[in-house]
Amino acid sequence: MEFRTGQGYDVHRIGEGLKMWLCGINIPGEKGFIAHSDGDVAIHALCDALLGALALGDIGHLFPDNDPRYKGIDSKLLLKEVYGRILAAGWELVNADITIALQAPKLAPHITEMRSCLADVMEVSSDRVSVKATTTEHLGFVGREEGCAVWAVVSIRNQE
Ligand code: MG
């Protein structure tokens, strides 16, 4: 059995009057992420980690942000498509570990739902999907509440 590792990173700017989507969950509040898609920066980082594990490029390449088909798209559909490519190539998820850097709001109340949402999209058990949240102690663009940064790491194995 062979194992692969992938990592992904994404940043989105925060804007007023937008819905905030993270890990497929709507986070209540007055602010969201400025993006061509629904702005789910955590799913985008996860997609890049999955693609990276098999050297399949990145989501910007797969789903160009100037393509009207992807305007406002639910990022869960992008994850479904990306994970489908992993499965089609004969691989499956071992585990994913995601770290979200966001100053506000606090994400702790949403972590369990985020994990099960991502697990449901990939049809894996939620103990294979970790979501962690941190602030940056008011430092940098995250700390000034200008943006959100997400790191994702995945391990996959082939299904033989
Ligand atoms: Mg993105």
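All of the numbers you see were taken from the coordinates with simple rules; none came from a lab. Here the structure is a predicted model, which means the values were calculated and not measured. All Cβ positions, glycine included, derive from the backbone under ideal geometry; neighbour counts span all protein chains shown.
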For this session: Being within 13 Å of the chain's Cα centre (by Cα) and away from the ligand (no atom under 11 Å from the Cβ) is the filter; apply it to region 47-77 and report the residue that is farthest from Val129 (Cα to Cα).
Result: Asp74
Problem set entry | Given (1) surrounded by fewer than 20 Cβ atoms within 10 Å (Cβ to Cβ); (2) more than 16 Å from the ligand (Cβ to nearest atom); (3) in contact (Cβ under 8 Å) with a residue 60 or more places away in the chain; (4) closer than 23 Å to Val129 by Cα, index of the condition Val11 fails | (2)
Problem set entry | Every residue from region 93-104 that is surrounded by fewer than 16 Cβ atoms within 10 Å (Cβ to Cβ) and either in a helix (DSSP H, G or I) or of a type outside the set (Val, Ile, Thr) (or both) | Asn95, Ala104
Exercise. Out of region 37-79, which residues are β-branched (Val, Ile, Thr) and either touching a residue at least 60 places away in the same chain (Cβ under 8 Å) or surrounded by 20 or more Cβ atoms within 10 Å (Cβ to Cβ) (or both)?
Worked result: Val41, Ile43, Ile59
Exercise. Taking region 121-140, which residues are farther than 10 Å from Leu93 by Cα, in contact (Cβ under 8 Å) with a residue 24 or more places away in the chain and outside any strand (DSSP E or B)?
Worked result: Val121, Thr135, Thr136, His138
